[in-house]
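Participant: Here it is, the structure, as structure tokens.
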């Protein structure tokens, strides 16, 4: 069979709006397998939850959307090598609507608790804003907590859980981490108060204010996901703007949208938050399925149809299950297929993740991506979070920045294997034709694991050696920094 000609990448100037780069440009209907169907670009979406740090609103969604743009080019090349007539060329497939469950501004009382803010007087607004910042941004409390966790990791009883080679890596880390933490406290305390404090706050909230902050983080993330599918936390349809109520649905290009197929993507600490939020959603759905009214039961059915995949990237969930089990709200059942019974069904007339209607992951809808050079990530197998049925854990392919230890934790946003997987599960093969899931062979994973261990051993061992050889200069620099900080505090 002759290969299809490559699509025209530069349409003439007199044909405006040639690319469906936003929802306004996406046609209402499209032909899929010979049938005119509602356009998937208007009903399929990606919901993304970011990890720790000073994230800005839409920043993570932008990262993911940018990665999709590059992944489409990879899919285009695959389609050219595997031509098939009467299929939608990738140039006509719009990037999916990407919406963010944003929570990084949790210390902004006005945005986190708008209903309370409206009723506060001027003194209360100032008082509670200062209280929230003090509870959330305490550098000394965060440092003390982090050092305490390092001591816990040193416990020899953890060798059986971590395995000796990994435990030795942690042992080496104990030499460097306190010095790095001290340097950050002196030279750039914002690293502690605006990044590391997120972990301390979510893993170990203390006091009623911190617990209120954590609960509102979970509430906001869940609310934004439900908005995508047109529901509220009571699983009733959101107000549509009729009467005196404002339209609460997601707006895009000046119009409200309700999506009926969503892939949930979470990264780092965002995977822990997402896990807890999904736990609440599943529990709420189960309760309403038994005791809710007809409208709520319809909302529960809609929720279970709409959530297609849960994709975790660089997830520390296993580590949380070991170190902070009280920070997790386990799902009401470990029988995951029963939680989302339709997650493995078809889109169009072809399975969304396999040729000829074959689903290559069975009914598994939780996919975990990790890389051995990312110390935060790993396979997920703790019984606390997944019972006796771990999710499908896939190692990211070599074609990404995962080979660089310092960038491995953020490499998922540019990893073609991850992005192609997400795109395929958003749209389904009936609309977006692509190859099978890229998997590493067992032999490759063994060599990659050995490579990763050697890399971390060299990085940490080199740091300890440098500290030993140049300890005078390093300690002198730290002492000068301490004196400068002390001088600035007393006004000298």
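Participant: What is the P(r) of region 211-281, as percent of Cα-Cα pairs per 5 Å bin from 0?
Facilitator: With a bin width of 5 Å, the distribution comes to 3, 15, 23, 23, 17, 12, 6, 1, 0.
Participant: Give, in nm to one decimal, the length gained when the segment between residue 69 and residue 183 is fully stretched (0.36 nm per residue of separation minus the Cα-Cα distance). Numbers along the way, then the final one.
Facilitator: Numbers: separation 114, 0.36 × 114 = 41.04 nm, distance 3.89 nm.
Here the segment from residue 69 to residue 183 would lengthen by 37.2 nm.
Participant: To continue, here is another question. So how much slack lies between residue 21 and residue 149, counting 0.36 nm per residue of separation and subtracting their Cα-Cα distance, in nm? Let's see the in-between values first.
Facilitator: Details: separation 128, 0.36 × 128 = 46.08 nm, distance 4.58 nm.
Going from the current span to full extension adds 41.5 nm.
Participant: I would also like to ask the following. What is the diffusion coefficient of region 106-152 in µm²/s, taking the Kirkwood radius over Cα pairs and the Stokes-Einstein relation at 20 °C with a viscosity of 1.002 mPa s?
Facilitator: Result for D is 176 µm²/s.
Participant: Also: Please report the equivalent ellipsoid semi-axes of region 168-301, computed as sqrt(5 x eigenvalue) of the Cα gyration tensor, largest first, in whole Å.
Facilitator: Output for region 168-301: semi-axes of 39, 18, 14 Å.
Participant: A further question follows. What FRET efficiency comes out for residue 28 versus residue 286 if R0 is 35 angstrom and r is the Cβ-Cβ distance? Round to the nearest 0.05.
Facilitator: Efficiency, rounded to the nearest 0.05: 0.45.
Participant: Could you work out how much longer the chain between residue 255 and residue 293 gets when fully extended? Use 0.36 nm per residue separation minus the Cα distance between them, nm to one decimal.
Facilitator: Full extension from residue 255 to residue 293 adds 10.7 nm.
Participant: Evaluate the relative contact order of region 200-340 (contact order divided by residue number), counting alpha-carbon pairs under 8 angstrom at least 6 apart; express in whole percent.
Facilitator: Once divided by the residue count of region 200-340, the mean separation gives 27 percent.
Participant: Right, another one. Could you work out how far apart the two model spin labels at residue 388 and residue 108 are, taking each label as a point 7 Å from the Cα in the direction of the beta carbon, and quote it in nm?
Facilitator: Going from the residue 388 label point to the residue 108 one covers 4.8 nm.
Participant: Given a cut-off of 15 Å, what percent of all Cα-Cα pairs of region 175-247 lie beyond it?
Facilitator: When all Cα pairs of region 175-247 are counted, 70 percent exceed 15 Å.
Participant: Under a crude label model (7 Å from the Cα following the beta-carbon direction), how far is residue 10 from residue 128 in nanometres?
Facilitator: 5.8 nm
Participant: A further question follows. In cubic angstrom, how much convex hull volume per residue do the alpha carbon atoms of region 274-336 span? Can you show the working numbers first?
Facilitator: Numbers: hull volume 5.6 nm³, N = 63.
About 90 Å³ per residue, rounded to a whole number.
Participant: Next up: Order the peptides 11-18, 424-431 from the highest to the lowest mean number of other Cβ atoms within 10 Å of their residues.
Facilitator: Descending packing order for the listed peptides: 424-431, 11-18.
Participant: Which part of region 107-130 falls in the paramagnetic zone of residue 209, meaning amide N under 14 Å from the point 7 Å along Cα-to-beta-carbon?
Facilitator: Only 107-110, 124-130 pass the distance filter.
Participant: Give me Rg/Rg_expected for region 33-189, where Rg uses Cα atoms only and Rg_expected = 2.2 N^0.38 Å with N residues.
Facilitator: After normalising by residue count via 2.2 N^0.38 Å, the value is 1.64.
Participant: Going 7 Å from the Cα of residue 247 along its beta-carbon direction, which residues of region 296-337 have the amide nitrogen within less than 11 Å of the resulting point?
Facilitator: No residue qualifies, since no backbone N sits under 11 Å from the label point.
Since every read-out is calculated from the coordinates, none of them should be taken as a lab result. Fair warning: this is a prediction, and the values are worked out from it, not measured in the lab. Quick reminder, even Gly has a Cβ in these numbers, built from the backbone with ideal geometry, and neighbours come from all protein chains shown.
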